[in-house]
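Asks: Let me begin by handing over the structure; questions about it come next.
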Amino acid sequence: MELSFRPLTLEALDEARAEALCLFVGEGERPLSGLAGLVDWRLGGRLSGMIRSGLLTGGSDEALLTPPGSRLPFQKLFLFGTGSLRDAAGLSSRVIEGLRRLSQAGVRDAALQLPAGIPVDEGARRLLEEEQAPARGLLFAADPTEIAESLAQTGAARPPDRRVVKVPASEGKAGATAAPTQRTGPQRYVPPPSSKGPKKGR
């Protein structure tokens with residue numbers, strides 16, 4: 001998986017470009033924090049509303065595909081529950097499982113933030129080594145430059161692979177946001193047997 005990095009800010013979220021945004025939410029994570037909190041803010045509390053209605057619980061077997069709407073520059077929004085997991089190994093396995101399901105659904109590039117229990121540099125190395133995942137990943141982090149430097153120092157980003165660990169300079173506003181999907185509401189996500197795309201389920 002090729003990686004690039006963005007700071008964890010609303011501006012970076014608005015400027016990000018990826019086919020899918022992937023959020024990991026734990027049980028009892030209230031209020032939402034990190035990237036999920038920024039997305040909830042940008043969507044006017046829609047994720048919090050899904051939690052209040054019981055549609056989003058954060059359960060360990062939970063996988064939702066919901067329309068991102070016109071306020072986010074992504075075509076798809078995936079929500080994966082991490083349950084009560086707190087250890088880095090368990091959380092990492094859940095992240096990899098979610099990304100593999102995206103890959104099975106034909107997603108080529110995805111934006112995400114690692115759950116708080118995973119050391120970001122270790123998690124980034126795991127993503128770089130993962131082959132059964134979207135080809136490109138956009139990783140949001142509090143200090144993306146530090147992570148990129150850590151990866152370079154440990155050899156995870158040595159040439160010719162250095163090109164896949166990128167922290168962009170300050171950018172202006174990017175082009176128009178992706179058109180909103182025509183789906184009318186959240187749906188359970190079940191990976192298809194082939195890479196023809198996600199199927200609807202209930």
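Asks: Where the only charges are on Cβ atoms (+1 Lys, Arg; -1 Asp, Glu), what is the dipole of the stretch 66-156 about its Cα centre, to the nearest 20 debye?
Replies: The calculation lands at about 520 debye.
Asks: Shifting gears a bit: From the P(r) of the stretch 25-85, can you give the percent of Cα pairs sitting at distances over 20 Å?
Replies: 17
Asks: While we're on this one: Between Thr9 and Glu129, what is the label-to-label distance in nm when each label sits 7 Å out along the Cα-to-Cβ direction?
Replies: My value for the distance between the label points is 3.3 nm.
Asks: Distance from the Cα centre of the stretch 27-62 to that of the stretch 109-135, in angstrom?
Replies: 21
Asks: Hey, another quick one. Collect residues whose amide H, placed 1.01 Å from N in the peptide plane, falls under 5 Å from the amide H of Phe74; neighbours closer than 5 in sequence don't count.
Replies: Ala178
Asks: Once phi is turned into θ = phi - 60°, what whole-Hz ³J(HN,Hα) does the Karplus curve with 6.51, -1.76 and 1.60 give for every residue of the stretch 62-69, x standing for Gly and Pro?
Replies: 7, 8, 10, 10, 10, x, x, x
Asks: 7 Å from Cα along Cα→Cβ at both Arg100 and Arg17: what's the point-to-point distance in nm?
Replies: Modelled inter-label distance: 3.2 nm.
Asks: For the stretch 17-34, what does the Karplus curve 6.51 cos²θ - 1.76 cosθ + 1.60, with θ = phi - 60°, yield as ³J(HN,Hα) per residue in whole Hz, taken in order and with x for Gly and Pro?
Replies: 10, 7, 5, 10, 10, 10, 10, 10, 10, x, 5, x, 7, 9, x, 5, 10, x
Asks: Another question, if that's okay. Can you list residues whose amide H is under 5 Å from Gly26's amide H, if they're 5+ apart or on another chain and H is modeled 1.01 Å from N?
Replies: Under 5 Å from the amide H of Gly26: Thr82.
Asks: Here is a further query. Counting only protein chains, not ligands or nucleic acids, how are Glu146, Glu19 ordered by accessible area (probe 1.4 Å), most first?
Replies: Result of the area sort, largest leading: Glu146, Glu19.
Asks: Calculate one ³J(HN,Hα) per residue across the stretch 146-152 by plugging θ = phi - 60° into the Karplus curve 6.51 cos²θ - 1.76 cosθ + 1.60, and present them in order as whole Hz with x for glycine and proline.
Replies: Once θ is set to phi - 60°, the couplings for the stretch 146-152 become 4, 5, 4, 5, 5, 5, 5 Hz.
Asks: Taking amide H positions as placed 1.01 Å from N in the peptide plane, with prolines and chain starts having none, which residues 5 or more places from Gly69, or on another chain, fall under 5 Å of its amide H?
Replies: When sequence neighbours closer than 5 places are left aside, the close amide H contacts are Thr181.
Asks: May I pose another question? Using the Kirkwood formula over every pair of different C-alpha atoms, what hydrodynamic radius in Å results for the stretch 1-113?
Replies: 14.3
The values are calculated or read from the model by the stated rules, or taken from the named source; none is laboratory data. All values reported here derive from a predicted model rather than from experimental measurement. In this analysis, Cβ positions are derived from the backbone assuming ideal geometry, glycine residues included, and neighbour counts consider all displayed protein chains. The protein model used for the area step is the full one, side chains on, heavy atoms only, and it has no ligands, DNA or RNA in it. Shrake-Rupley method; radii C 1.70, N 1.55, O 1.52, S 1.80 Å.
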